[in-house]
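Written below as structure tokens is the structure these notes are about.
The values are calculated or read from the model by the stated rules, or taken from the named source; none is laboratory data. Please read these numbers as outputs of a predicted model, since none were measured by experiment. Reconstructed Cβ throughout: ideal geometry from the backbone, glycine too, with neighbour counts over all protein chains shown.
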Amino acid sequence: MNIEVIHKPLISSHRKLIVDPCNHRRTSDHPIPIIRNRYPMAYAKYSRHVECITRPDNIILTDKGSIIEAKDLERIIVWFPIKRKHRDLPNLDWIKDGLEVMAERGLHKKYNIAFPAIGYYLESQQIDYWDVLGLIEDVFYDSGKTLDFHLAW
């Protein structure tokens with residue numbers, strides 16, 4: 001996979017697939033408000049999933065290792081859980097599991113991707129965005145597509 005580090009906001013991406021980090025449950029700031037507002041049909045699908053957090057068969061839809069793919073008119077938004085509660089710090093295991101699900105679905109081979117530099121804005125040393133980039137390289141190694149790693153989101 002060709003990875004480019006981008007210093008522009010995630011919303012400015014021209015990539016077909018945009019990854020939007022979110023929590024286990026919806027809050028006002030997650031997913032990213034500007035993406036939520038620009039792609040209302042994709043956000044509606046995400047909202048339906050988190051408002052009824054489990055299916056009848058009791059499978060949790062937005063949890064570690066789960067992603068929600070939602071198509072809007074011009075983009076595919078992947079709602080990507082990175083932590084349980086909005087006050088928690090992003091969890092590297094959650095990120096790895098989400099990337100593996102994307103790889104299992106072949107998304108990294110079908111689409112050029114815009115991915116936020118999770119960890120870039122954190123003052124804590126719990127997660128480093130370079131570790132996130134390393135996970136992306138490890139999991140998406142077999143793709144010929146491009147991934148923009150956005151430092152601004």
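Can you say whether Asp20 is modelled with pLDDT of 80 or more and either among the acidic types (Asp, Glu) or part of a loop (DSSP other than H, G, I, E, B) (or both), as far as the supplied structure shows? Taking the combined requirement at face value, the residue satisfies it. Checked against (1) surrounded by fewer than 18 Cβ atoms within 10 Å (Cβ to Cβ); (2) touching a His at 6+ places or on another chain (Cβ under 9 Å), Trp79 meets all criteria but (1).
Screening the candidates Asp72, Asp148 for the property of being in contact with a Lys or Arg (Cβ under 9 Å, 6 or more places away or on another chain), under 13 Å from Leu17 (Cβ atoms), at pLDDT 95 or above and not small (Gly, Ala, Ser) yields one hit, Asp148. Can you name the residue in the stretch 106-148 that is of a type in the set (Phe, Trp, Tyr) and out of contact with any helix residue (DSSP H, G or I) (no Cβ under 6 Å at 6 or more places or on another chain) and, of all such residues, is surrounded by the most Cβ atoms within 10 Å (Cβ to Cβ)? Checking each candidate, the answer is Phe115. How many residues are of a type in the set (A, V, I, L, M), part of a helix (DSSP H, G or I) and at pLDDT below 75 if we restrict to the stretch 23-63? Within the stretch 23-63, residues that are of a type in the set (A, V, I, L, M), part of a helix (DSSP H, G or I) and at pLDDT below 75 number 1.
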